1. Based on what the data block shows, is ALA50 modelled with pLDDT of 95 or more and touching a Leu at 6+ places or on another chain (Cβ under 7 Å)?
2. Which one of these is aliphatic (A, V, I, L, M) and under 23 Å from the mean Cα position of the chain (by Cα): LEU69, LEU127, LEU123?
3. Before we move on, is VAL141 within 28 Å of THR362 (Cα to Cα) and assigned to a helix (DSSP H, G or I)?
4. Sort through LEU200, LEU161, LEU156, LEU143 and tell me the only one that's among the hydrophobic types (A, V, I, L, M, F, W, C) and either farther than 19 Å from ILE99 by Cα or under 31 Å from the mean Cα position of the chain (by Cα) (or both).
5. Among the residues of the stretch 440-453, how many are under 17 Å from ARG266 (Cβ atoms) and either open to solvent by less than 10 Å² (accessible area, probe 1.4 Å) or among the polar types (S, T, N, Q) (or both)?
6. All but one of (1) without any contact (Cβ under 8 Å) to a residue 12 or more places away in the chain; (2) assigned to a loop (DSSP other than H, G, I, E, B) hold for ILE408; state the number of the condition that does not hold.
7. What are the pairs with Cβ atoms under 6 angstrom where one residue, in the stretch 231-242, is farther than 14 Å from PRO214 by Cα and the other, located anywhere, is open to solvent by less than 20 Å² (accessible area, probe 1.4 Å) and in a strand (DSSP E or B)? Sequence gap at least six, or different chains.
8. Does the stretch 297-351 hold any residues that are assigned to a loop (DSSP other than H, G, I, E, B) and open to solvent by 40 Å² or more (accessible area, probe 1.4 Å), and which are they?
Amino acid sequence: MSRSPEPGRSSAARGRRMADKARAGTRPPRPPRVEVHDDSPDIGVEARIAAGVLLNAALEGRGGLDAALSFREVSSLPGPDRAFARAVAMAALRRLGEIDQILDRKLQKGPPLAVRTILRVALAQMLILETPAFAAVSTAVKLAEREPKTRPYKNLVNAVLRGIDREGPGLTTAESNLPEWLAARWRAAYGEPALVGLALAAREEPATDLSVKPDVEAAAVAEAVEGEVLPGGSIRTGLRGDVAAWPGFEDGVWWVQDAAAAVPGRLLAPKAGETVIDLCAAPGGKTLQLAASGASVVALDRSAVRLKRLTENLQRTGLNSEVVTTPAEDWDDPRTFDAVLLDAPCTATGTFRRNPEVLRATKPADVAKLADVQHRLLDAAAERVKPGGRLVYCVCSLEREEGETQIIAFLRRNPAFRTAPAVPAEVGAPDEALTSEGWLRILPSMWAEKGGLDGFFIARLDRVG
C-alpha cells in the first residue's frame, strides 16, 4: 500500500504553485541538447561505436535496444555520450528503410554488416540529427580504420558518405521503414492512405504525454512543463531529458502515460467506492488512473520486477492500490469486481513511435502466439466481473487478431456480455477511432496535427446477465 498524500496540501494547490514557479523563472531549465564531449581524441568514435551496438541489438532481437544499454560498449560511456548513442540508434531505427534505400543506390555490392552499420550510423547523424557532414564522415572513417575487418572499406565509407553529402540523398519512401509483412497486413486492414499515415508517424520522435490527478489544474501543469492540454485531459510536452527533473514530478501530481493509453481507464469509468481490478497492471499507468478515481483497486501482474515500478509510482503520487504478484489466470481469490481492466500482453506494434525496434523484433508467429494468451486472459477476466459490472479489454497492437477478432470470439463464448459503445469525445479519443461495432481502433497516424499517439484497440463490455 502507498503512503497517503501529505495533509493540507491539495493537488490543485501544487499545480498552481508550479505555474507560479514557471512565471517566476524558477522552473528547472529545459534539458540541454545532447552533445558528444571530445574530452579525448576518440570519444566521439566511442559514442558512435555504442550507437552501432544499440542499433544491431535492436535489429537482432537480443533483448532489444534498452537491454543493450547495459553492454560494456554503452554503459562505460559518460552520460551525455550514452544519451547521444541512444539518440543516433533510435534515429537510425526510425528511418532504417530510407537509409538503406540511399545506401543501396551507392553500393554496387553489399558490404559486410559492420561496414553497413558504420554507414547507417553516419547517415542517421547527417540526415536526421543534422550533425555536420564533415564530423559524421570523419568519425565514420575513423570507425572503419579501427578494426581489421572494416579497414579495407575505409575509402568506400569516405566516398559513399561524401557523395551523399555532395549530391543529396535522393528520393526515399516512408513506407520503406516498415517491414514488408507488417506493411502488407496494415494495407489490407486499414487501406493505402492509412498505411502512408502510419509510415509517416513511424518517422518522428514523439512528444511526452502526462496524465494528471483529477484534482489538479491541468492548465497549470501544462504551463509549467511548456505543454498543452489534449482532449480528454492528457498533457503533451516537448520537454526532453530526465522526467524526474520536470516540474511536478516530486509533488506526484502527474505520471508519464501516452494519451491513447489513458483512454481505456476513462472508458472503464471507475467511481469512488467501487471495486476495480487492473489485470496485467505493470508498469502501472492505468492503475494510477483507477486509484485516482477513489475506487478500491487491485493491481495484479505476474512480474515482480515490473510491479516494483508501479509501487514506486503509487508512493510518489500518494495513491493507494492493493498489489498482487501472480498470473491473472492463476489468481486463487474468490473476489469479483464492479469493473475489470485487461490490458493484455500483445505484440505492441502500436507503440512504434516510441519503440521503433518493435517493428523489427515482432515476427508473424508472435501474433498467433499472443492471440492465444489473450483468449485465455479474456475468459479469466470475465469471471471477475460482477453481474451488472463492466470489462474493458485493450491492446497496444495494430493486429486485428489481437483486437477485433478477440472480441468477436469472446462475445460468442460469453452471451452475458454486450458491447457498451464508446463515445470518443467523452474519453479523449480521436473521433475517427470509433468502429461500427462501438469499439475504438486508434491508429498512430490519427491526431497527426497534434503529433499522433500510440495505436490501441479498446472495447468496453458490460455484463447484463
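The values are calculated or read from the model by the stated rules, or taken from the named source; none is laboratory data. Note that the coordinates shown come from a computational prediction; the quantities given were computed from them, not determined experimentally. Cβ: placed from backbone, ideal geometry, glycine included. Neighbour counts: every protein chain shown. For accessibility, only protein heavy atoms count, side chains too; no ligands or nucleic acids. Shrake-Rupley method; radii C 1.70, N 1.55, O 1.52, S 1.80 Å.
1. So ALA50 fails the test.
2. LEU69
3. For VAL141, the condition - within 28 Å of THR362 (Cα to Cα) and assigned to a helix (DSSP H, G or I) - is not met.
4. The match here is LEU200.
5. 3
6. Single failed check for ILE408: (2).
7. Close Cβ pairs (under 6 Å, with a partner that is open to solvent by less than 20 Å² (accessible area, probe 1.4 Å) and in a strand (DSSP E or B)) amount to ARG236/ASP209.
8. ARG302, ASN320, ASP332, PRO334, ARG335, THR336, PRO345
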